[in-house]
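The block underneath contains the structure these notes are about, expressed in structure tokens.
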Amino acid sequence: MTATELTQLLADGLILGSMYGLIAVGYTMVYGILQIINFAHGEIYMLGGFGALFVYAWVPGLRAIPLWAALPVLLVVAVAVSVAAATGAERFAYRPLRGAPRLAPLISAIGLSLFLQQVVFNFFTLPGSSMGVTAPVPFPQFETAPLDLAGVQVSVAGLLTLALAAFGMVALTWFVRRTRTGRAMQATAQDPATARLMGIDTDRIIVIAFAIGAALAAVACVTQGLRLGTVSYNMGFITGLKGFTAAVLGGIGNIQGAMAGGVVLGLAESLASGALPHIDALAMFSGSVWKDVWAFVILIVVLLIRPQGLFGERVADRA
Amino acid sequence: MSTLLRADGVTMRFGGLTAVDRVDLTVDSGEIVGLIGPNGAGKTTFFNCLTGLYVPTEGEVRFRGALLPPRPAKVTRAGIARTFQNIRLFAGMTVLENVMVGRHTRTREGLLSAIGRGPRYRRTERESRTVGRELLEFVGLGGHARETARNLSYGGQRRLEIARALASDPGLLLLDEPTAGMNPQETRETEQLVCAIRDRGVAVLVIEHDMRFIMNLCDRVAVLVQGSKLVEGAPADVQADPRVVEAYLGAPQEETA
């Protein structure tokens, strides 16, 4: 394998991984504050893509202008749809179960997942079709040819993914560390009862955490649609699971760790499908069909060796 | 002097257990009031009723004449702040950030202004920082602003809790055993700090076991025994009251025999 091929695999992995990272942030923020896993987050992600596709399909003006000009509209709609779904989920599926045993919100989340999938499956239709979206539906594509960076091919959508992920992380880090609401969020994550006594409306902080996670997931889904060319009603399941894996890898509750975990996972998948064929002993376990296996093998190994995640701290000061 | 806090017949039951039983208590502005009693007398439970953490089963609490709202966040906004018997700082945040969190109810920051880093955001942040630093100076933690809260000494953490509580501009500060675990010198420093807090115009209601602390500081002392108020009065009178001695030490031998 040449150096260029390897660089290509790393670049692909980085792009895929930063998309996983965007999803992972949503899991990690909600877990950090509520200690629940929002297993419907994959569907929140999926809804963002369909929101974007829906306006693109039904608003004629958008198809008349170049995609890059329509993209801000698509992103805004995607974010709006995902945020609405996530805050609705928080209000009606999680908040009533606050204080219930851990299992209750988990089951609620699984139910919500199936519900959201079926809603899209049954009610979403494209112009000229009366059918639901039973199969993957085409997503608008950039016509521009991939950029050639010293032999490494990077698509416009790939670059966009990197740029949006980097921007999202910088903005989020700044928000959490440097604003009043961000500080209130940290305080709530560390000790919700004391945070309330400091005058923080923790219910509002929880809604904001759900909303931020949803917004980043929506962006992730639009970039995924742009890169792969399709979205489907059940795309949130496996991708959501990957995002969750990334969050655990990075140390759940740790925002920067989530993005790092995503990148580690993306690189691992990319190398598993591209680099392993060159290693004779492992060649039979390589190729894209095996990439999910490797992703979860990594998860299991990390959990066995470093249960707190690659970048997590040992949980010491939660009392 | 006007009445700041008025608790009327406050009762708190947990199932069959009456932890606080018809307690009346007032705190006037500019006063330091002590709340003492044996362990398990219901002092902390009573505090929790004053901060919206518990809603009393019976009775009412009025602060500045208005009924206490049933949510802790709103109580803080109304002007009651507290510290905890077991230190409850945001251990992973810096000392200054802890105080700035305490400032939360007194600041407004439009979400949009924060995102755009607008003038309102900058003003709010600057103001919080200034107040935070001033309060750290006040409690004697001026040089520690950037340290992580968990790295402060024990006495420092206690003082940080007080600074964080003061950051919400309270009219009344509730201190739950502020000198627990302190050496005599730290205790004296805390005494001076509480006096200085009163001089800032903040009334103080303090739970404490250190009798010298209570005698030196308090204008009035109330004794809680098994959930009810046994005695209330000037520190010297309370200390001399045989019922109080009995509550703490048990009745003299010849009377129980």
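Summary table
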| quantity | calculated |
| --- | --- |
| Dipole in debye (nearest 20) - chain B, about Cα centre, beta carbon charges: Lys, Arg +1; Asp, Glu -1 | 1700 debye |
| Value at 222 nm in deg cm²/dmol, rounded to 500, when DSSP H runs of n ≥ 4 in the protein assembly as shown each add -39,500 (n - 2.57) | -18000 deg cm²/dmol |
| Principal axes of region B:14-61: Cα extent on each, largest first, Å | 37, 24, 17 |
| Whole-percent pair-distance distribution, where bins are 20 Å wide, for the alpha carbons of chain A | 32, 57, 11, 0 |
| From phi via Karplus (6.51, -1.76, 1.60), per-residue ³J(HN,Hα) for region B:194-211 in Hz, x at Gly/Pro | 5, 4, 5, 5, 4, 5, 6, x, 9, 6, 10, 10, 10, 8, 7, 9, 6, 5 |
| Kirkwood hydrodynamic radius over Cα pairs of the protein assembly as shown, then Stokes diffusion coefficient at 20 °C and 1.002 mPa s, in µm²/s | 80 µm²/s |
| Estimated translational D of chain B in µm²/s (Stokes, Kirkwood radius over Cα pairs; 20 °C; 1.002 mPa s) | 111 µm²/s |
| Among A:GLY182, A:LEU126, A:PHE142 - extreme Cα towards positive end, dipole of region A:118-203, charges at beta-carbon | A:GLY182 |
| Whole-angstrom gap from region A:176-197 to region B:7-27, using each part's C-alpha centre | 31 Å |
| Values of log10 I(q)/I(0), in the order q = 0.20, 0.22, 0.27 Å⁻¹, for region A:202-280 under a Debye, Cα-only, solvent-free model | -1.05, -1.17, -1.30 |
| Convex hull projection area averaged over all views, region A:27-154, Cα basis, nm² | 10.6 nm² |
| Residue among B:TYR121, B:ASN98, B:ALA167 farthest towards the positive dipole end of region B:92-169, charges placed on Cβ | B:TYR121 |
| DSSP-defined beta bridges in the protein assembly as shown - what % are antiparallel, rounded to 5 | 60 percent |
| Cα centre as origin, Lys/Arg/Asp/Glu Cβ charges: the protein assembly as shown dipole, Debye | 1240 debye |
| Cα-based Rg / Dmax (Å) for region B:92-169 | 12.9, 40 |
| Partners for A:LYS291 among lysines (Cα-Cα distance below 23 Å; same-chain residues under 8 apart left out) | A:LYS242 |
| Rg ratio (alpha-carbon, reference 2.2 N^0.38 Å) - region A:167-319 | 1.23 |
| Student exercise, region B:92-169 dipole from Lys, Arg, Asp, Glu Cβ charges, in Debye to nearest 20 | 220 debye |
| All-pairs Cα distance distribution in region A:130-198, expressed in whole percent, bin size 10 Å | 16, 23, 20, 20, 18, 4 |
| Inverse of mean 1/r across different Cα pairs in region A:16-67, Kirkwood, Å | 13.0 Å |
| Cα lying deepest toward the dipole's positive end in region A:1-149, options A:SER113, A:GLY32, A:ALA100, charges on Cβ | A:ALA100 |
| Radius 13 Å from Cβ of A:LEU271, net charge of other residues (Lys, Arg +1; Asp, Glu -1) | -2 |
| 10 Å Cβ neighbours from other chains, averaged over peptide A:185-192 | 4 |
| For region A:82-179, alpha-carbon Rg relative to the globular expectation (2.2 N^0.38 Å, N residues) | 1.59 |
| Cα-based reach from B:LYS229 at 28 Å (exclusive), listing lysines while leaving out same-chain residues under 8 positions away | B:LYS43, B:LYS74 |
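Bear in mind that the values in this text are calculations on the coordinates, not laboratory data. All of these numbers come straight from a predicted model, not from anything done at the bench. Because the Cβ atoms are built from the backbone with ideal geometry, glycine has one as well, and the counts that use them run over all protein chains shown.
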